[in-house]
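First the structure, in the form of structure tokens, and then the observations on it.
Every number in this text was worked out from the coordinates using simple rules, so none of it is lab data. Values in this document were obtained by computation on a predicted structure and should not be read as measured data. Every residue, glycine among them, receives a Cβ derived from its backbone with ideal geometry; neighbour counts consider all protein chains shown.
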Amino acid sequence: MFVMQDDAATAGFCRDCFSPTLGAERRCRQCGSPRLLRHPELHQLSIAHIDCDAFYASVEKRDRPELADKPVIVGGGTRGVVSTACYIARIQGVKSAMPMFKALKLCPEAVVIKPDMAKYAAAGRVVRELMLEVTPLVEPLSIDEAFLDLTGTVRLHGMSPALTLAHLINRIAEKVGISASVGLSHNKFLAKLASDLEKPRGFSVLGKAETLTFLATKPVGFIWGVGKAMQEELARGGITMIAQLQQMEKNDLMRRFGSMGSRLYHLSRGEDLRIVSTDDHSKSISAETTFNTDIRDGAELERILWPLAEKVSRRAKAEGVAGHTVVLKLKTADFKTRTRNVSLADPTLLANRIYDAAVPLLQREATGTSFRLIGVGISGLVAAKPEDETETLDVTTAARAKAELAVDRIRDKFGRSAVARGIGFGQED
């Protein structure tokens, strides 16, 4: 394990009281905590990946303390899928994206909670703000995880990046009421791997000296971008372990696997030159729903599309971003996925514009095919405020936009059920 070294000369600290440690003791001399962190390179590394633990489920348990020791699944419907599951449910085999019926067979006593994206977005926003307090170099990957570059922050905080991260995790627990895990290393690829090693409440360190040895013992699926299809292709060539890739020449890998061969060569050796980027253009925001029974009626699909557009809009407004592209997702009864998109002249975070852009895409697909899932989203995100958008629209669209913002204000004051658009009446949100 790479989170603890027994070498008596290896300095470290207690993750609970932050007292320094030097030696092979198993508990903190100051507070008695067993959560000691030691590593030879602990105070030299500065690239981190932070991932909140079972985020949706953790937020629900925070708000409902009676669920603390119970298995919780966040998801929807008997034909829906698991959005996330707490670690109690995961022990019984429940996983994200698993069909709900299968999850409930594995864990019939689970408490199932419908996702509340507005609540999760609010919690994620606070987590992001806390991250930005320790470094401006934060690269969000999703609502609950991000890369951080703390290079050069020692003078700012008066402590090493490792100690700064330990303080940050404790602040997240205090202010948001959830736990998070940290991976600390010398590049993004390894930091992301490290953050998964000791979940939940983990703090794992991968130093430069141990990189090759650590990776050599792992299957090729540990490499970023190597999915099931690529694993099968590698296996046909007799390659199943990263150690085998470490013995191969770059040119040979590129001849066999094209540009992916270059990635395999470098990542198998723990080489990753990507910087922590604050550019959010690659992000997207989406919402989808799986039906209890397949639907082929176009009008019914359009009705279901509206509340999804509203969900996307709420998240976009909460995060202060707008999207240049609207994306429609459909899954047929035989599990084939169709993705269609349209680019907008100006980015949007308004539900009306998201819906209006997605409907023509849907109409071209809803020609009698039975669908089991529909989703909508925006991508190509830029910073934006709802009020800014009304100034760039034509008179009619601007009027609708202003009406939508007025509805938002009423809902903020009196609750989401206070006002509903006609198309949304009777549709669950």
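Things to note:
- Cα lying deepest toward the dipole's positive end in region 178-233, options Leu215, Ala180, Leu190, charges on Cβ: Ala180
- Shown here are the Rg and Dmax of the Cα trace of region 81-178, at 17.2, 53 Å.
- Note on region 306-377: along the principal axes its Cα atoms extend 37, 22, 16 Å, ordered by decreasing extent.
- Rounded Å value of the spacing that divides the Cα centres of region 76-130 and region 226-273: 34 Å
- In Å, descending, principal axis extents of the Cα set of the chain: 70, 53, 48
- Judged by the gyration tensor of its Cα atoms, with axes a ≥ b ≥ c, region 110-228 is oblate; a/c meets the 1.5 cut and b/c is at least as large as a/b.
- Secondary structure note: in the chain, about 90% of the DSSP beta bridges are antiparallel.
- Net charge of Cβ neighbours under 13 Å - reference Gln246; Lys, Arg +1; Asp, Glu -1: 0
- Cα extents for region 200-250 along the principal axes, largest to smallest and rounded to whole angstrom: 36, 26, 16.
- Within region 307-349, antiparallel bridges make up roughly 100 percent of the DSSP beta bridges whose residues both belong there.
- Most to least packed among 330-336, 200-206 [average Cβ atoms within 10 Å]: 200-206, 330-336
- The mean sequence separation of alpha-carbon pairs under 8 Å and at least six residues apart, normalised by the residue count of the chain, gives a relative contact order of 13 percent.
- Relative contact order of region 220-371, taken over Cα pairs closer than 8 Å and 6 or more residues apart, is 19 percent.
- Fully extended contour minus Cα-Cα distance, from Arg155 to Lys114, at 0.36 nm per residue: 10.3 nm
- In terms of its alpha-carbon gyration tensor, region 1-136 comes out prolate; a/c meets the 1.5 threshold, and the first ratio a/b outweighs b/c.
- Computed about the Cα centre, the dipole magnitude for region 202-306 is approximately 540 debye when only Lys and Arg (+1) and Asp and Glu (-1) carry charge, each at its Cβ.
- Ellipticity estimate at 222 nm from DSSP helix runs (n ≥ 4, -39,500 (n - 2.57)) divided over the chain, nearest 500: -11500 deg cm²/dmol
- R0 of 45 Å, Cβ-Cβ distance Asp294-Ala11: FRET efficiency to nearest 0.05: 0.15
- For region 80-166, the Cβ-based charge dipole about the Cα centre amounts to some 380 debye (Lys, Arg positive; Asp, Glu negative; other atoms uncharged).
- Which of His43, Gly80, Gly32, positive extreme of dipole for region 9-82 (C-beta unit charges): Gly32
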